[in-house]
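Input: a single structure, listed below in structure tokens.
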Amino acid sequence: MSDIATGKDADFSEERLVERYNADLANSLGNLLNRALPMTQKYRSGMLRSRDPVSVRLFHIMVSDRQISDSDFGSLDPASRQITLGIADLLLTINAVVKSYPAIMDAFEANEILKGITAICTKANVRIEATAPWHLAKDKSKGDELDELLYALGECLRILAILISPVLPKAAHGIFDQLNWKMELSGKEQRFRLEDAKWGGLPDEHIVGKPVPLFPRIEL
């Protein structure tokens, strides 16, 4: 669908379908899910912690167009500042996609929404590589930064599930199930509401569920 604009002709082949599935789902969203939740289980016994994250404060400053100053970082060292700035940049991307979502869906341009979803997944996966949580986990002084990253990845997945629910409802339920989120509405459409696509939905000390591969690669 990301290759097909509503009302326009498009080429289709099984090879292209597999290529896009592997690129946009297996290697992107699936990869993010398969990395974020196992790391949360491994490093924090499945618990997400959200305690006044610096990245959220930086995000609000960026949205207001105010220049970020040294005082906004508190006592963070240069390496930790880069981590929080990276997460704040991820929040900016998510915010832009969510804001554009209603107008794009009203225009039946699902391909544009899927491109936005891919952009979020790409940026989140880049954050994992750039932040290297496996190194943070070995340094007790970086515990807050690790918590902030793992929570950001969990929230990112929660919002992504809401955004993909109109076109990939089964996958969206699968993500919520693995996040252990809104289990009382499992399988029901009411589980996903755009008004819930706001940062901070997962509470502090929320326990995620068991990670399960959602989009295994297809080999031709």
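Points to keep in mind about this one:
- Selection from region 169-197 of residues that are without any contact (Cβ under 8 Å) to a residue 60 or more places away in the chain and part of a loop (DSSP other than H, G, I, E, B): Asn180, Trp181, Lys182, Ser186, Gly187, Lys188, Phe192, Arg193
- All conditions in (1) at pLDDT 95 or above; (2) more than 27 Å from Ala132 (Cβ to Cβ); (3) crowded, with 19+ Cβ neighbours inside 10 Å; (4) not small (Gly, Ala, Ser) hold for Glu184, with the sole exception of (3).
- Positions within region 141-168 being assigned to a loop (DSSP other than H, G, I, E, B), of a type outside the set (S, T, N, Q) and under 16 Å from Phe215 (Cβ atoms), in sequence order: Val167, Leu168
- Residues of region 63-90 satisfying the condition of being in a helix (DSSP H, G or I) and over 23 Å from Pro133 (Cβ atoms): Val63, Asp70, Ser71, Asp72
- Residues in region 90-103 that are out of contact with any Lys or Arg (no Cβ under 7 Å at 6 or more places or on another chain) and surrounded by fewer than 18 Cβ atoms within 10 Å (Cβ to Cβ): Leu92, Asn95, Ala96, Lys99, Ser100, Pro102, Ala103.
- Filter result (under 11 Å from Leu48 (Cβ atoms) and surrounded by 13 or more Cβ atoms within 10 Å (Cβ to Cβ)) within region 202-214: Leu202, Asp204, His206, Ile207, Val208
- Residues being of a type in the set (D, E, K, R) and touching a Pro at 6+ places or on another chain (Cβ under 9 Å) - total across region 146-182: 2
- Test: residue in region 29-52 that is part of a helix (DSSP H, G or I) and of a type in the set (Asp, Glu): no
- With respect to (1) within 30 Å of Asp77 (Cα to Cα); (2) assigned to a helix (DSSP H, G or I), the lone exception for Lys138 is condition (2).
The values are calculated or read from the model by the stated rules, or taken from the named source; none is laboratory data. Everything numeric in this text was worked out from a predicted model, so none of it was measured. Every residue, glycine among them, receives a Cβ derived from its backbone with ideal geometry; neighbour counts consider all protein chains shown.
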